[in-house]
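A.B. asks: Handing you this structure, nothing more for now.
The values are calculated or read from the model by the stated rules, or taken from the named source; none is laboratory data. Please read these numbers as outputs of a predicted model, since none were measured by experiment. Note: ideal-geometry Cβ built from the backbone for every residue, glycine included; neighbour counts use all protein chains shown.
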Amino acid sequence: MLYSLYEASFYLSTPLRTATRLTRDFWGSQANPARDSAIGRRIYAGADLLANLTRRYGRPAWGINSVEIDGKPVRVRPTEVWSSPWTKLIHFSRDMSDMRAAGRRELEPAVLIVAPLSGHYATLLRGTVQAFLQDHEVFISDWSNARDVPILEGRFDLNDYIDQVQAMLRRLGPRPHVVAVCQPGPAVLAATALMSEDGDECRPATMTFMGSPIDARLSPTVTNKLAEERPFAWFASNMIYTVPPPHPAMGRRVYPGFVQLYSFMSMNAERHQEAHRRYLMHLMDGDGDSADKHLDFYDEYLSVLDLTEEFYLQTVDEVFQRYTLPKGEMRHRDRAVRPASIKDVGLLTVEGELDDISGIGQTQAAHTLCSGLPDAFKRDYVQPRVGHYGVFNGKRFNEEIYPRVRAFIREGEKGFSQKVLAA
């Protein structure tokens, strides 16, 4: 019922949105002589803010057309190279003539970035992709919005997610490198364990986990405590709703993106209110550059997708309540998941000192689970003064974290030695 009410409220507010956009366009028009007056900027700012707060945010564009490599611009073209109803594997293909001009003539390592399926689109990792493009053939999982997948395509749970990760690795193989950002950590570790046990030639050469809840019992955050305090039945009863028409998946049971977005924003309500207040002031002062930065952030932040009921509830149950992976109880389609079976895959864990989503130690737990790996294959790094998003995006990621990940992947390409990665 909540989903239907949400949709109804959106369509019923269409006249308000239309009037707001017309007001914004009128007071923002170059033909309006009062456009730059104090009253004109105030009316425009108010209308623009209201228009942005009431519009629907769709899947953002990647917007990656080029990357700078060794001081030379290299053209980039996102290309879909594999797909299923639930995800698209996107290859950010770099122009070969530009690569040669930049002095890069050898084939560079293939890296699969597994984006989180936890509310936001894969484009949240735009900065991560741009960093890796400097030195790698980059591929990323671009997960589908569950409300866009017809119910005839069937269910999609954590087992299916693990299958999709394995399928993408096989598409890239042999021995690609995999980077799991946040939520995919347990699934990527499980997929690697299963492929290693089978001797699959497409198992990763290295796996990097960044701010991942491998063992959510350690340094529990507000998110972890919420999952522990509520019984499983509460999540099933209060977080799951039916997709209404006209969406392609009408009738599918999902955890709606707008519900999760409300949870995101309520955790930092005062900060978001202050950000919108500053945006309003920037518009009234004619500071377009600062206003554009605000829009760029919220265009991404407010774009959310739905998760299937079975994937969401199984993740809550196994990762945040029963902790099946660190307890050695996780099963994939009735097959035991044994991280100790991983013998020859490099392991790098990256955490942020101030991470309030995946606390210190949750990602590092992968080292204990991968007991079959020699110490020479293991690396760990904790980045000072960054929170969760700083682990995979921003200035410190580009200057301090990414160079370490790059060095680790290069070491994995050459074979690991006993030396420890410089901290």
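A.B. asks: Spot the failing condition for His388; the list is (1) buried (at least 20 other Cβ atoms within 10 Å of the Cβ); (2) out of contact with any strand residue (DSSP E or B) (no Cβ under 8 Å at 6 or more places or on another chain); (3) farther than 17 Å from Thr206 by Cα, and only one is missed.
C.D. replies: Going through (1) buried (at least 20 other Cβ atoms within 10 Å of the Cβ); (2) out of contact with any strand residue (DSSP E or B) (no Cβ under 8 Å at 6 or more places or on another chain); (3) farther than 17 Å from Thr206 by Cα one by one, His388 breaks only (2).
A.B. asks: Let me ask you something else. Considering only the range 223-231, I want to know if a residue exists there that is in contact with a Cys (Cβ under 9 Å, 6 or more places away or on another chain) and either closer than 26 Å to Glu300 by Cα or in contact (Cβ under 8 Å) with a residue 24 or more places away in the chain (or both).
C.D. replies: There is no residue in the range 223-231 that is in contact with a Cys (Cβ under 9 Å, 6 or more places away or on another chain) and either closer than 26 Å to Glu300 by Cα or in contact (Cβ under 8 Å) with a residue 24 or more places away in the chain (or both).
A.B. asks: Something else now. I'd like the residue in the range 74-98 that is of a type in the set (Val, Ile, Thr) and touching a Phe, Trp or Tyr at 6+ places or on another chain (Cβ under 6 Å) and, out of all such residues, is nearest to Glu309 (Cα to Cα).
C.D. replies: Here the answer is Thr87.
A.B. asks: Would you check if Ile409 is part of a loop (DSSP other than H, G, I, E, B), hydrophobic (A, V, I, L, M, F, W, C) and either in contact (Cβ under 8 Å) with a residue 60 or more places away in the chain or in the same structural domain as Arg126 (by TED's automatic domain parsing) (or both)?
C.D. replies: No.
A.B. asks: For the range 385-416, which residues satisfy the criterion of being on the phi < 0 side of the Ramachandran plot and of a type in the set (Lys, Arg)?
C.D. replies: Passing the criteria: Lys395, Arg396, Arg404, Arg406, Arg410, Lys414.
A.B. asks: Would you check which residues across the range 112-136 are part of a strand (DSSP E or B) and out of contact with any Pro (no Cβ under 7 Å at 6 or more places or on another chain) and list them?
C.D. replies: Ile113, His120 - these are the residues of the range 112-136 that are part of a strand (DSSP E or B) and out of contact with any Pro (no Cβ under 7 Å at 6 or more places or on another chain).
A.B. asks: Another question, if that's okay. Return the residue satisfying two criteria in turn: it lies in the range 169-193 and is surrounded by fewer than 24 Cβ atoms within 10 Å (Cβ to Cβ) and more than 13 Å from Pro116 (Cβ to Cβ), and of such residues it is modelled with the lowest pLDDT.
C.D. replies: Per the stated criteria, the residue is Gly173.
A.B. asks: While we're here: Take the range 315-354 and flag every residue that is under 29 Å from Trp234 (Cα atoms) and either modelled with pLDDT under 95 or in contact with a strand residue (DSSP E or B) (Cβ under 7 Å, 6 or more places away or on another chain) (or both).
C.D. replies: Asp334, Val337 - these are the residues of the range 315-354 that are under 29 Å from Trp234 (Cα atoms) and either modelled with pLDDT under 95 or in contact with a strand residue (DSSP E or B) (Cβ under 7 Å, 6 or more places away or on another chain) (or both).
A.B. asks: Right, here's the next one. Which one of these is assigned by TED's automatic domain parsing to the domain that holds Asp160, closer than 23 Å to Ala115 by Cβ and of a type in the set (Lys, Arg): Lys72, Lys88?
C.D. replies: From the options Lys72, Lys88, the qualifying one is Lys88.
A.B. asks: Mind checking whether some residue in the range 275-282 is of a type in the set (D, E, K, R) and assigned to a helix (DSSP H, G or I)?
C.D. replies: Within the range 275-282, one or more residues are of a type in the set (D, E, K, R) and assigned to a helix (DSSP H, G or I).
A.B. asks: Looking at Gly257, Gly251, can you tell me which residue is on the phi > 0 side of the Ramachandran plot and at pLDDT 90 or above?
C.D. replies: Exactly one of Gly257, Gly251 is on the phi > 0 side of the Ramachandran plot and at pLDDT 90 or above, namely Gly251.
A.B. asks: Those residues that are out of contact with any helix residue (DSSP H, G or I) (no Cβ under 9 Å at 6 or more places or on another chain), closer than 30 Å to Arg42 by Cα and either surrounded by 13 or more Cβ atoms within 10 Å (Cβ to Cβ) or aromatic (Phe, Trp, Tyr) (or both), I need them from the range 232-281; list them, please.
C.D. replies: Tyr262
A.B. asks: Can you name the number of the only condition in (1) within 23 Å of His388 (Cβ to Cβ); (2) hydroxyl-bearing (Ser, Thr, Tyr); (3) surrounded by fewer than 23 Cβ atoms within 10 Å (Cβ to Cβ) that Ser144 fails?
C.D. replies: All conditions pass for Ser144, except number (1).
A.B. asks: Tally the residues that are assigned to a helix (DSSP H, G or I) and either at pLDDT below 75 or touching a helix residue (DSSP H, G or I) at 6+ places or on another chain (Cβ under 8 Å) (or both), restricting the search to the range 286-296.
C.D. replies: Number satisfying all stated conditions: 6.
A.B. asks: Just checking, which of Leu307, Leu325, Leu295 is within 29 Å of Thr206 (Cβ to Cβ) and not assigned by TED's automatic domain parsing to the domain that holds Glu201?
C.D. replies: Checking each option against the conditions leaves just Leu307.
A.B. asks: Then there is this: Within the set of pairs 6 or more residues apart or between chains, which connect a residue that is within 12 Å of Thr87 (Cα to Cα) inside the range 159-179 to a residue that is β-branched (Val, Ile, Thr) and crowded, with 21+ Cβ neighbours inside 10 Å with Cβ atoms less than 7 Å apart?
C.D. replies: Within 7 Å, the pairs are Gln164/Thr87; Val165/Val114; Val165/Val188.
A.B. asks: Any residue at all in the range 196-213 that is modelled with pLDDT under 95 and β-branched (Val, Ile, Thr)?
C.D. replies: The answer is no, given that none of the residues of the range 196-213 is modelled with pLDDT under 95 and β-branched (Val, Ile, Thr).
A.B. asks: Something else now. Is it the case that some residue within the range 265-288 is touching a residue at least 40 places away in the same chain (Cβ under 8 Å), among the polar types (S, T, N, Q) and over 16 Å from Asp148 (Cβ atoms)?
C.D. replies: no
A.B. asks: For the range 57-73, give me each residue that is more than 30 Å from Val304 (Cα to Cα) and of a type in the set (Lys, Arg).
C.D. replies: Lys72
A.B. asks: Condition first: within 17 Å of Gln166 (Cβ to Cβ) and either over 26 Å from the mean Cα position of the chain (by Cα) or buried (at least 16 other Cβ atoms within 10 Å of the Cβ) (or both). Now tell me which residues in the range 324-343 satisfy that.
C.D. replies: Of everything in the range 324-343, those that are within 17 Å of Gln166 (Cβ to Cβ) and either over 26 Å from the mean Cα position of the chain (by Cα) or buried (at least 16 other Cβ atoms within 10 Å of the Cβ) (or both) turn out to be Leu325, Met330, His332, Asp334, Arg335, Ala336, Val337, Arg338, Pro339, Ser341, Ile342.
A.B. asks: Can you say whether Ser358 is over 23 Å from Val222 (Cα atoms) and of a type in the set (Ser, Thr, Tyr), as far as the supplied structure shows?
C.D. replies: No: the conditions fail for Ser358.
A.B. asks: Still on this structure, I have one more. Residue by residue through the range 131-157, note down the ones that are more than 30 Å from Ile69 (Cα to Cα) and among the aliphatic types (A, V, I, L, M).
C.D. replies: Result: Ala146, Val149, Ile151, Leu152.
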